[in-house]
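Comments concern the structure below.
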Amino acid sequence: MTQTSETYLTGITTTGTPHLGNYVGAIRPAIAGSQNPGHSAFYFLADLHALIKCQDPDMVRQSSREIAATWLALGLNTDNVVFYRQSDVPEIPQLTWLLTCVAAKGLLNRAHAYKDAVQKNIGDGEDPDYGVTMGLFSYPVLMAADILMFNATKVPVGRDQIQHIEMARDMAQRFNYLYGEHFTLPEAVVDDNVAVLQGLDGRKMSKSYGNTIPLFLEEKQLKKHINKIKTNLLEPGEPKDADTSTVFQIWRAFATPEQTAEMRREFDSGIAWGEAKKRLFELLNEQLREARDNYQRLLAEPGYVDEELRKGADKARAFSVPFLDRLKAATGISPLQP
Ligand code: TRP
C-alpha cells in the first residue's frame, strides 16, 4: 500500500443488512476511493461495537457476512485498502484499555448515546442508568482505539458520529501529553454532497426506523419495496413536486444528471406515481444486478470472504502489533530486562 499523508478509516457496525442509504452515503464513495492506488484507507467491520447493541449471535454473524460480501461484491479493491474485522485485530481492545485510563469519565458522561439512554430512563421514571451497559458507556473509547490504532487522519462518518471523533482527539491529546507524541489527531469528514437518502416513510432511511430498502433484494422484492415508498394522492397528469418526493430523491442518487433533469420534467408534467416507481425499479435493478449476482455467489461460498478478511487482518496487524508495543512501552509496560 502506498502511504500518502492522509489515512482514511471508517467502521461499519455489524448489526443489520446494508441498505440503499448505506450504499449511497458510505459504501459507494469508499469503493470509488479504493480504486485509487495512492489512497491509504482502512475499512472494517465493527463487530465488537455490534455487541453493544445486539446480543443475538446469529444476527451478528449473519450481518458480518452480509456486510463483508456486500463490499467485496461491489468491487472494493483490497489491494489498495485494508479491509478487516475489528475482532481480528486484538491490539484494538488492548489499546482501548490504555485509552480508558486517560479518558475522563466526565467526558464520556456527555456522549449523546449515553445521554439519550439516561434521558429516556428519566422520562420513563426508571433509574437513570437502567439497562445501560459499560459497553454503551465506553463506546467512544473503543471507537477512539479503532481510529488511533492506525493513526488515521480522516474519518468519514455521519453527523451523529462527529462527537465521537472529538472525543478520540481528546484522548489522543491526553495520551500524547502524558507519554509523548504517539498519536496524530483525527478529523471527522462529513460530506455534505453525499445524499442522505429518505426511506419508505420519507424519514431518513435507517434500520432504527424500519423504513429501509435493502441493497441486494431480489427483483420481485425490490419492486415490492419501491412500490411501498410513500407518495401523495396526486393523480396521473397532475404536476408533482420533485423536491419533496422520496421517489425522485432516490432516483437522483442513482441517475446521471441528464436522467435527473429528464425525470424532473416528467414530474412537472404529471408522471403517474406507478410509472415513476416502475422507472426507479428499472434504474436500480440495472445498476445493482451484477453486484447482486456477485453477492449471492459470495454468500454461497463464504471461503473467499473469510480469506479476504484474513489477508486484511494480516495487513492491519503488520501495523498494529509494533505500534501497540511502542505504546505499551511508553506507559511502562515492556520487557523487564531492558
Ligand atoms: N460508531 C460508528 C457508527 O455507528 C461505527 C464505527 C465504529 C466507526 N468504529 C469506528 C466509524 C471508527 C468510524 C471510525 O456508525
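The values are calculated or read from the model by the stated rules, or taken from the named source; none is laboratory data. The structure displayed is predicted, hence computed values, not measured ones. In this analysis, Cβ positions are derived from the backbone assuming ideal geometry, glycine residues included, and neighbour counts consider all displayed protein chains.
Structure data summary
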{"read-out": "Residue match in the range 284-303 (condition: surrounded by fewer than 17 Cβ atoms within 10 Å (Cβ to Cβ) and in contact with a Leu (Cβ under 7 Å, 6 or more places away or on another chain))", "value": "yes"}
{"read-out": "Qualifying residues in the range 32-45 (those that are among the hydrophobic types (A, V, I, L, M, F, W, C) and touching a strand residue (DSSP E or B) at 6+ places or on another chain (Cβ under 9 Å)) - the one farthest from the ligand (Cβ to nearest atom)", "value": "Ala41"}
{"read-out": "Given (1) within 15 Å of the ligand (Cβ to nearest atom); (2) in contact (Cβ under 8 Å) with a residue 12 or more places away in the chain, number of the condition Ser208 does not satisfy", "value": "(2)"}
{"read-out": "Cβ pairs under 6 Å, 6+ apart, first in the range 240-252 and more than 17 Å from Met205 (Cβ to Cβ), second not in a helix (DSSP H, G or I) and not polar (S, T, N, Q)", "value": "Lys240/Leu234"}
{"read-out": "Matching residues in the range 26-48 - criterion: being surrounded by fewer than 21 Cβ atoms within 10 Å (Cβ to Cβ) and under 30 Å from Val132 (Cβ atoms)", "value": "Ala26"}
{"read-out": "Among (1) within 13 Å of the ligand (Cβ to nearest atom); (2) closer than 24 Å to Thr212 by Cα; (3) assigned to a helix (DSSP H, G or I); (4) among the small types (Gly, Ala, Ser) - the single one Ser87 does not satisfy", "value": "(2)"}
{"read-out": "The range 160-179, subset away from the ligand (no atom under 11 Å from the Cβ) and charged (D, E, K, R), residue farthest from Ala103 (Cα to Cα)", "value": "Glu166"}
{"read-out": "Out of Gln94, Gln62, sole residue that is of a type outside the set (A, V, I, L, M, F, W, C), in a helix (DSSP H, G or I) and closer than 26 Å to Asn285 by Cβ", "value": "Gln62"}
{"read-out": "Selection count, the range 6-25, where residues are away from the ligand (no atom under 12 Å from the Cβ) and in contact with an Asp or Glu (Cβ under 6 Å, 6 or more places away or on another chain)", "value": "1"}
{"read-out": "Residue match in the range 63-79 (condition: more than 15 Å from the ligand (Cβ to nearest atom), more than 20 Å from the chain's Cα centre (by Cα) and assigned by TED's automatic domain parsing to the domain that holds Gln173)", "value": "yes"}
{"read-out": "Helices (runs of 4 or more DSSP H) contained entirely in the range 136-237, each with at least 1 residues that are loosely packed, with under 15 Cβ neighbours inside 10 Å", "value": "162-179, 219-227"}
